[in-house]
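Trainee: Here it is, the structure in full.
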Amino acid sequence: MRTQVAIVGAGPAGLMLSHLLRLEGIDSIILENRSREYIESRIRAGLIEQWASDLLVETGVGERMQREGMFHNGVYFAFAGALHYINFRELVGKGITIYGQQEVIKDLVARRLADGGQILFEVADVSVHDLGGKAPKIRFQHAGKQHEIVCDFIGGCDGFHGICRPSIPASALTAYDREYPFNWVGILSESPPPEHELIYSYHDRGFALYTMRSPTLARLYVQCPPDDDIENWPDTRIWQELHARLGGTRPLAEGTMLQKGITTMRSFVLEPMQYGRLFLAGDSAHIQPPTGAKGMNLALADVLVLCRAITKYYRSGNTDLLERYSATCLRRVWKAQRFSWWMTQLFHLDPNHNAFDRRRQLAELDYVTSSQAAARSMAENYTGLPVEA
Ligand code: FAS
Ligand code: PHB
């Protein structure tokens with residue numbers, strides 16, 4: 001098999017890269033080790049930054065999001081028994097869209113297949129080869145047969161547990177890692193969220209987040225210890241904590257729990273994000289605590305930069321944007337890492353903290369919700385910093 005760009009992984013990064021390349025007339029093949037049904041049903045991110053929702057619409061895959069997504073102008077911070085609204089629209093003229101990651105996946109898969117794109121599902125034993133040459137290769141099993149793709153570039157979009165990052169010699173890489181002394185219990189519930197926009201809640205019992213997937217489908221999270229197990233969280237305990245951590249600011253309706261699980265909190269960045277003709281994008285190169293809602297948005301930003309670099313190479317033979325790919329992405333990745341860390345330390349009860357830290361957190365929450373300058377800084381990071389060409 002031969003293609004211009006071979007992509008490992010059909011998540012937001014891989015699918016969007018393939019879609020953007022096709023708009024530039026560049027061929028690609030996506031190799032995905034899960035089934036189409038699995039990747040289209042996996043509950044993950046839910047928040048899309050303004051520039052990213054604009055990109056989905058401008059590139060022809062945002063029509064259903066515009067119909068079914070929920071556009072928000074701001075968020076609420078709950079602390080000290082009150083709700084405080086941060087109005088992004090007033091502060092930075094932008095907003096965010098709530099639209100489940102699995103819906104973005106469905107829209108991108110449908111568009112790629114409608115455009116005649118090649119997505120091979122349920123592949124196995126994927127390996128990458130000859131990364132240092134001008135004709136890298138991918139070998140894999142599919143439908144019981146061994147295959148090899150010869151290509152010009154490989155998009156390593158196979159997430160944090162994929163095979164692309166480990167295929168790069170460790171001597172060529174530097175990893176930056178941070179673990180947090182807490183995780184989240186997350187649920188999807190057939191019930192209305194307590195507010196029509198998100199509520200981030202600071203509480204003596206721990207952090208809680210009240211978001212949604214629709215007006216009747218709540219996506220709710222509570223902070224839990226880092227080694228906790230979902231078995232310790234029967235529905236009754238989850239509802240009890242969600243009620244308590246709203247701090248009396250809003251009533252919360254309960255409903256049938258459709259899904260629940262533990263989301264781990266971790267920061268990880270790999271430098272550089274490229275090796276020879278292999279370019280890592282999204283979770284294969286970086287992950288961050290979901291508090292700042294950056295994961296899927298960073299994946300889309302990486303592949304926008306990568307597509308522009310590959311397109312310039314094919315159009316002019318110029319490799320300057322390819323050579324600068326990592327530096328361009330990492331400048332924005334580290335700002336998103338900082339913001340995700342900042343939102344996480346602001347809201348979570350850290351077992352290593354003391355009474356001084358609790359007062360400091362409350363002072364910072366008071367500052368962000370009472371200072372235009374502080375709120376504007378939060379708003380421009382939350383709605384998405386610009387993506388450098
Ligand atoms: P992905 O992990 O989405 O996609 C990688 C793809 O590669 C997958 O389809 C995988 O099956 C495939 N793959 C892996 N190994 C392969 C191999 N060897 N061969 C072929 N294919 C392979 N982010 C937020 O912003 N907000 C959230 O609330 C949030 N919640 C999350 C909850 C969970 C449980 C998880 C795991 C992540 C969450 N994230 C959240 C982060 C998430 O949205 C990621 O940032 C986003 O999926 C990144 O997209 P990709 O980089 O495309 O990686
Ligand atoms: C979500 O909708 O799943 C979501 C939204 C905002 C966050 C984290 C998760 O900060």
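Conditions (1) without any contact (Cβ under 8 Å) to a residue 60 or more places away in the chain; (2) more than 11 Å from ligand 1 (Cβ to nearest atom); (3) out of contact with any strand residue (DSSP E or B) (no Cβ under 6 Å at 6 or more places or on another chain); (4) closer than 23 Å to I119 by Cβ, marked per residue:
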site: G159; (1), (2), (3), (4): no, no, yes, yes
site: I163; (1), (2), (3), (4): no, no, no, yes
site: T174; (1), (2), (3), (4): no, yes, no, no
site: G186; (1), (2), (3), (4): no, no, no, no
site: S191; (1), (2), (3), (4): no, yes, no, no
site: E197; (1), (2), (3), (4): no, yes, no, no
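Trainee: Could I ask something else about it? Given the options L173, L188, L217, name the one that is assigned by TED's automatic domain parsing to the domain that holds D283 and surrounded by fewer than 22 Cβ atoms within 10 Å (Cβ to Cβ).
Mentor: Only one candidate passes the filter, namely L173.
Trainee: Follow-up question, since we're still on this one. Check off (1) in contact with a strand residue (DSSP E or B) (Cβ under 6 Å, 6 or more places away or on another chain); (2) open to solvent by 10 Å² or more (accessible area, probe 1.4 Å) for L23 and give me the number that stays unchecked.
Mentor: (1)
Trainee: Within region 278-297, which residues are within 13 Å of ligand 2 (Cβ to nearest atom), of a type in the set (G, A, S) and on the phi < 0 side of the Ramachandran plot? Lay out the reasoning, then the answer.
Mentor: Taking region 278-297 first, the residues within 13 Å of ligand 2 (Cβ to nearest atom) are 288-297.
Remaining after also requiring of a type in the set (G, A, S): 292-293, 295.
Correct list: G292, G295.
Trainee: Follow-up question, since we're still on this one. Take D204 and decide whether it is free of Cβ contacts under 8 Å to residues at least 60 places away in the same chain and more than 16 Å from ligand 2 (Cβ to nearest atom).
Mentor: Here the answer is no, as D204 does not meet what is asked.
The rows are residues; the columns are (1) open to solvent by 10 Å² or more (accessible area, probe 1.4 Å); (2) more than 16 Å from ligand 1 (Cβ to nearest atom); (3) under 19 Å from G162 (Cα atoms); (4) modelled with pLDDT of 95 or more.
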residue: L31; (1), (2), (3), (4): no, no, yes, yes
residue: Q50; (1), (2), (3), (4): yes, no, no, yes
residue: S53; (1), (2), (3), (4): no, no, no, yes
residue: V57; (1), (2), (3), (4): yes, yes, no, yes
residue: G60; (1), (2), (3), (4): yes, yes, no, yes
residue: G69; (1), (2), (3), (4): yes, no, no, yes
residue: Y76; (1), (2), (3), (4): yes, yes, no, yes
residue: A80; (1), (2), (3), (4): yes, yes, no, yes
residue: L83; (1), (2), (3), (4): yes, yes, no, yes
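Trainee: Could you check how many residues of region 18-57 are of a type in the set (S, T, Y) and within 16 Å of ligand 2 (Cβ to nearest atom)?
Mentor: Residues flagged as of a type in the set (S, T, Y) and within 16 Å of ligand 2 (Cβ to nearest atom) within region 18-57 amount to 2.
Trainee: Take the residues in region 277-326 that are of a type in the set (S, T, N, Q) and either farther than 24 Å from V150 by Cβ or open to solvent by 30 Å² or more (accessible area, probe 1.4 Å) (or both); name whichever of them is farthest from the chain's Cα centre (by Cα). I'd like the intermediate steps shown before the answer.
Mentor: Here is the first cut: in region 277-326, the residues of a type in the set (S, T, N, Q) are 284, 288, 291, 297, 311, 316, 318-319, 326.
From what is left, the residues that are either farther than 24 Å from V150 by Cβ or open to solvent by 30 Å² or more (accessible area, probe 1.4 Å) (or both) are 288, 291, 297, 316, 318-319, 326.
Values: Q288: 8, T291: 11, N297: 5, S316: 32, N318: 31, T319: 28, S326: 18 Å.
Result: S316.
The values are calculated or read from the model by the stated rules, or taken from the named source; none is laboratory data. The structure presented is a predicted model; accordingly, all values stated were derived computationally and were not measured. No Cβ is skipped: glycine too gets one built from the backbone with ideal geometry, and neighbour counts run over all protein chains shown. Calculation scope for accessible area: heavy atoms of the full protein, side chains included, ligands and nucleic acids excluded. Shrake-Rupley method; radii C 1.70, N 1.55, O 1.52, S 1.80 Å.
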